[in-house]
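Q: Below you will find the structure I want to go over with you.
The values are calculated or read from the model by the stated rules, or taken from the named source; none is laboratory data. What you are looking at is a predicted structure, and each value in this text was computed from that prediction instead of being measured. Note: ideal-geometry Cβ built from the backbone for every residue, glycine included; neighbour counts use all protein chains shown. Calculation scope for accessible area: heavy atoms of the full protein, side chains included, ligands and nucleic acids excluded. Shrake-Rupley method; radii C 1.70, N 1.55, O 1.52, S 1.80 Å.
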Amino acid sequence: MPRNNCFQKGYTFDDVTLVPQFNNVPSRTEPMLDSWLTKNRKIGIPLLCANMDTTINDEVADILIANGSIPIFHRFTDDFAKQEKWVQKYQGNAFISTGIGKNKIEEVRRLFDMGAAGVCIDVAHGHSDQMCSLIQSLKKTHPDKDIIAGNVCTPMAYHDLVNAGADAVKVGVGP
């Protein structure tokens, strides 16, 4: 017998009714789709591609940029030259993901100097002294670059990363 009874019945569109709420959109042809990626950077659509090696590539990046979003390239490459290539190709648009290893800070600074818009410091549990130190260190040398930090799942973790200088925080851990 299944442990979770909530998956015993499937629902279709005919089974669910969304209750309309008050809005200020004058017409369905005029919605504003822009959203804030970071506290400094607005994007034209509220969609991002996950910064995973199985989802983001040059083709997807081109589509995102053409439609008002920004690519965040994954960190799962051992080839720093590949990250440099992404930054050169997407000057001012690309974010590069990284972990928090010792050598990472100098690599990120080099990518910033080459024109990367920002960095996504991507760690399974981002509420750590090492994460906060990395954010502070990067903000000292590149205060104009955007830093997305995470992942976290508590209000205190969010608070600490923002106080360290993160411009956006990835919230949510697990599937």
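Q: Which three numbers, in whole Å and largest first, are the semi-axes of the equivalent ellipsoid of the stretch 50-130 derived from its Cα gyration tensor as √(5λ)?
A: 20, 14, 11
Q: Right, here's the next one. Could you provide, to the nearest whole Å², the per residue accessible area of the chain with probe 1.4 Å?
A: Dividing the accessible area of the chain by its residue count gives 65 Å².
Q: Please compute the modelled spin-label separation between Ala124 and Glu30, points set 7 Å along Cα→Cβ, answer in nm with one decimal.
A: 5.0 nm
Q: Further, regarding this structure: Compute the distribution of all C-alpha to C-alpha distances in the chain, in bins of 10 Å from 0, and list the percent of pairs in each, rounded to whole numbers.
A: Result returned by the calculation: 9, 32, 29, 17, 11, 1.
Q: Ok, one more. Relative to the longest principal Cα axis of the chain, at what angle does helix 155-164 sit, 0 to 90 degrees, rounded to 10?
A: Long axis of 155-164 versus the principal axis of the chain: about 30 degrees.
Q: A further question on this structure: Express the carbon and sulfur contribution to the solvent-accessible surface of the chain as a percent, rounded to the nearest whole number, probe 1.4 angstrom.
A: 54 percent
Q: Still on this model: Return the single residue from Arg28, Arg110, Arg75 with maximal mean-square fluctuation; model: Gaussian network over the chain, springs between Cα atoms under 10 Å.
A: Among Arg28, Arg110, Arg75, the largest GNM mean-square fluctuation belongs to Arg28.
Q: Longer than 21 Å from Cα to Cα, which of Lys104/Lys170; Lys89/Lys140; Lys104/Lys139; Lys104/Lys140; Lys42/Lys170; Lys102/Lys140 are they? Say none if no pair is.
A: From the list (Lys104/Lys170; Lys89/Lys140; Lys104/Lys139; Lys104/Lys140; Lys42/Lys170; Lys102/Lys140), the Cα-Cα distance tops 21 Å for Lys89/Lys140.
Q: Among Val25, Val108, Val16, which one shows the highest mean-square fluctuation when the chain is modelled as a Gaussian network with alpha-carbon springs under 10 Å?
A: Val16
Q: On C-alpha positions alone, give me the angle between the axis of helix 129-141 and the longest principal axis of the chain, in degrees, nearest 10.
A: The angle comes out near 60 degrees.
Q: Counting C-alpha atoms alone, how compact is the stretch 1-87: give Rg to one decimal and Dmax as a whole number, in angstrom.
A: So, for the stretch 1-87, Rg and Dmax equal 19.7, 52 Å respectively.
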